[in-house]
Amino acid sequence: MELVVALIIGAIAGWLAGLVVKGHGQGLVVNIVVGILGAVIASFLFPAIGLGIGTEGSLIGSIVYATLGAVVLLVILRLVSRA
């Protein structure tokens, strides 16, 4: 059940990040991957810079956290692809 929830959160976060960072709407599978990777990035990056968000048990908090991480990932990918 946790895997299904993670996939749903990843899909939503990836879709939202694709809307924020224009030009990265790659489809459902890529959105899920970007959202899940974004959540992983957020779980390491944000606490390291003092922006820990308490997402335990909060679906909306988890989606926001994963979306922010996915936006960071898409911006980095955009910068790398330009180089």
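Some notes on this structure:
- Evaluating LEU51 against the criteria (1) at pLDDT below 80; (2) in a helix (DSSP H, G or I) leaves one unmet condition, (2).
- Checking VAL71 against (1) surrounded by fewer than 20 Cβ atoms within 10 Å (Cβ to Cβ); (2) at pLDDT 80 or above, the condition it does not meet: (1)
The values are calculated or read from the model by the stated rules, or taken from the named source; none is laboratory data. These numbers come from a predicted model, not from an experiment. Glycine also receives a Cβ, built like all others from the backbone with ideal geometry; neighbour counts cover every protein chain displayed.
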